Structures are given as structure tokens and as C-alpha cells.
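Q: To start, I am sharing the structure in question, which I have written as C-alpha cells.
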Amino acid sequence: MGKAIPILQLKRRPVQEPTEADPSEFPYLKRDLIRVLGTLAYRNRAVQDRIRQCGGVQVVMGHCVIDERNPYLREHAVFTLRNLLEQNVENQGVVREMKPLRGFDADGILRDIAES
């Protein structure tokens, strides 16, 4: 037979220290994660309950806002919220028990509820 000839020689690269993640490296990440949650929760009671147990209903509601770096985040969050609440009285109760922290006064100024 003969000696084995290596097909590929790998060069060792120096190990780089981990750096802080740049948000621009993960465009649309929040939107896509919310979207995945909505897909998983669709008519799946076990997933709906697990998301509630982890505090996910409140997190999804917190993403019902416009985010210029995540187009359509609000729309996906609303759709996910719909899937979390569908035929799930416990999840609906979480939303029902939430109280607003801020509101608009008579002059249209956003204030903390305690100030009003």
C-alpha cells in the first residue's frame, strides 16, 4: 500500500476573544422569533400554556409596537397574541389582569396613571 496522503490541510487560526454582538448582524431577529412563537402556539394548548408559564404573553404584548429595525413586528405580535389567546381562558385572564401604566390626560399628554 503506501502512505496516506492528506486531502486537505487545515490551518489553525488564532482564537479571537468574543465580542459584544452587533444588533445589525441579526436583522429582523425579534420579528422572526415572535413569528415562530405564533406558529408554534397555533391551536396547540401545551405551547400556549408553556409560553404563559414563562411570562411570554406579556413579552409578546410588549412587542405590539412599531419598530423601524423590525418591519411588521407589531403585526406578527398581534397575530401571535391571537394564537396565544385562542380558546385559552388562562392566557385571556393574564391579559385581562394587566393594568395600563400610562394614559393620556385631558391635554393629550402621556402621563403615569398615578399622576392622573
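Q: Tally up the residues in the stretch 76-116 that are in contact with a helix residue (DSSP H, G or I) (Cβ under 9 Å, 6 or more places away or on another chain) and among the charged types (D, E, K, R), please.
A: 6
Q: Return the residues of the stretch 93-116 that are assigned to a helix (DSSP H, G or I) and open to solvent by 90 Å² or more (accessible area, probe 1.4 Å); say none if nothing qualifies.
A: Arg96, Glu97, Ala114, Glu115
Q: Would you check which residues across the stretch 66-104 are touching a Leu at 6+ places or on another chain (Cβ under 8 Å) and either of a type in the set (Gly, Ala, Ser) or free of Cβ contacts under 8 Å to residues at least 12 places away in the same chain (or both) and list them?
A: Ile66, Gln92, Arg102, Gly103, Phe104
Q: From Gly93, Gly56, Gly62, grab the single residue that is at pLDDT 95 or above and closer than 29 Å to Ser24 by Cα.
A: Gly56
Q: Of these, Glu68, Glu75, Glu90, Glu86, which one is surrounded by fewer than 13 Cβ atoms within 10 Å (Cβ to Cβ), closer than 24 Å to Val36 by Cβ and out of contact with any strand residue (DSSP E or B) (no Cβ under 6 Å at 6 or more places or on another chain)?
A: Answer to the selection: Glu68.
Q: Among the residues of the stretch 19-67, write down those that are within 15 Å of the chain's Cα centre (by Cα) and not in a helix (DSSP H, G or I).
A: Answer for the stretch 19-67, where residues must be within 15 Å of the chain's Cα centre (by Cα) and not in a helix (DSSP H, G or I): Phe26, Pro27, Tyr28, Cys54, Gly55, His63, Cys64, Val65, Ile66, Asp67.
The values are calculated or read from the model by the stated rules, or taken from the named source; none is laboratory data. Computed from a prediction, not measured in an experiment: that's the story for all the values here. Quick reminder, even Gly has a Cβ in these numbers, built from the backbone with ideal geometry, and neighbours come from all protein chains shown. Quick note on the areas: whole protein, heavy atoms, side chains included, nothing else; ligands and nucleic acids left out. Shrake-Rupley method; radii C 1.70, N 1.55, O 1.52, S 1.80 Å.
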